[in-house]
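Comments concern the structure below.
Where a number appears in this text, it was derived from the coordinates with a stated rule and is not lab data. Just so it is clear, the model here is predicted, and its values are computed rather than measured. All Cβ positions, even for glycine, are placed from backbone atoms using ideal geometry, and neighbour counts span all protein chains on display.
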Amino acid sequence: MNGPLTVATAGGGVAGTVSPGSVGTLAAGSTVLAGTYACDVSGSTSDLLAVTGNLDISAATLTVSGTLTASTYTIASYTDTITGTTFATISPALTTGYAVKVDTTAKLVQLVKSGYSSWAQLKGLTAGVNDGVLQDPDLDGISNLLEYILGGDPLASGQSILPTVDASGSNLVFTFIRLSSSQTDTTLTFQYGSDLVGWTDVAIPATTAGSVTITPATPTTGSDTVVVTVAKGSNSALFGRLKAVK
Ligand SMILES: [Ca+2]
C-alpha cells in the first residue's frame, strides 16, 4: 500500500480495521490509525504494520489475537515520527506482564514482556550463570536487581544510574530514574536515618504521594524520575539509601 493511510472510526470517514492477515506484514505510507489494529500473534511472530513516513496511534484501538509468549513482538515500525506513546484503547487487555512499548530510537511499536527475568534475558544475562538478582557480573558494585530498576546495563560497568543526593538546602533530596515496568515485580523503599542504625522507611509509590514526587515518562518513555524530599531538621547528619525487593 502506498501513500497515506487513514483508518478512521465509524462516523469519522472510513470505518476500518487494519488487519494484515494471519501474521503478515502490511506496508503503508504515513498512517493515522483511528480505528482498530487487529494484530495477530503466533508463537514468537506477529503482524507488522510497516510504515514509511509518520505513524499516529494516539486514537487507535489495539486488539491482539493469539497467545503472547515471547519477550518482544514488533507490531509496527515507522521511518519519521510517531504520535502517541501507546494505543488509546487496548481491548481486550494484554496478557498480564505485557505492555506496549514505543521505542522512538529504533522507531518501533512493540509488545514487551516486563519483569526481571525477561529483562535479564534481553540484556544478555545467562540464566543460572550471572542472572541472579544479587549478582554483579560487571563488577560495578550495582546488583542486577538495581541495574534492572534503575535502567542500567548489567554487563557494562558504570555508576551513572546511581541515585543522586542533594543536601545543600534545608532538605535531603534523593533523586533517581526508575524503569516504570519494574514496578510489576519489585518493591522499592527509600530509607533514611541520622546514625546508620535506625532507618525510617518511605515507600516509593506508583505516582506522586507524600514526600515522593514521580514524574512519569521522564527522561524517556518507560522511565520515571523519582524525587524523595526529607527535611533535615536539627539532624547534623542524615543518610539515605534505596532498598529493592523482588
Ligand atoms: Ca552491576
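List of remarks:
- Residue ID - nearest to SER181 (Cα to Cα), chosen from residues in the range 139-152 that are near the ligand (Cβ under 8 Å from one of its atoms), touching a helix residue (DSSP H, G or I) at 6+ places or on another chain (Cβ under 8 Å) and not hydrophobic (A, V, I, L, M, F, W, C): GLY152
- Every residue from the range 102-125 that is surrounded by 20 or more Cβ atoms within 10 Å (Cβ to Cβ) and of a type in the set (Lys, Arg): LYS113
- Among all residues of the range 157-165, there is at least one that is touching a Gly at 6+ places or on another chain (Cβ under 6 Å), part of a loop (DSSP other than H, G, I, E, B) and either within 16 Å of the ligand (Cβ to nearest atom) or hydroxyl-bearing (Ser, Thr, Tyr) (or both).
- Looking across the range 121-145, just one residue is within 19 Å of THR221 (Cα to Cα) and of a type in the set (A, V, I, L, M, F, W, C), and that is LEU122.
- When LEU139 is tested against (1) in a loop (DSSP other than H, G, I, E, B); (2) in contact (Cβ under 8 Å) with a residue 40 or more places away in the chain, just one condition goes unmet, and that condition is (2).
- Residues that are under 19 Å from the mean Cα position of the chain (by Cα) and surrounded by fewer than 16 Cβ atoms within 10 Å (Cβ to Cβ) within the range 161-184 comprise LEU162, THR175, THR184, listed in sequence order.
- Selected residue (criterion: farthest from the ligand (Cβ to nearest atom)) from residues of the range 109-136 that are in a helix (DSSP H, G or I) and either touching a Cys at 6+ places or on another chain (Cβ under 7 Å) or not polar (S, T, N, Q) (or both): LEU122
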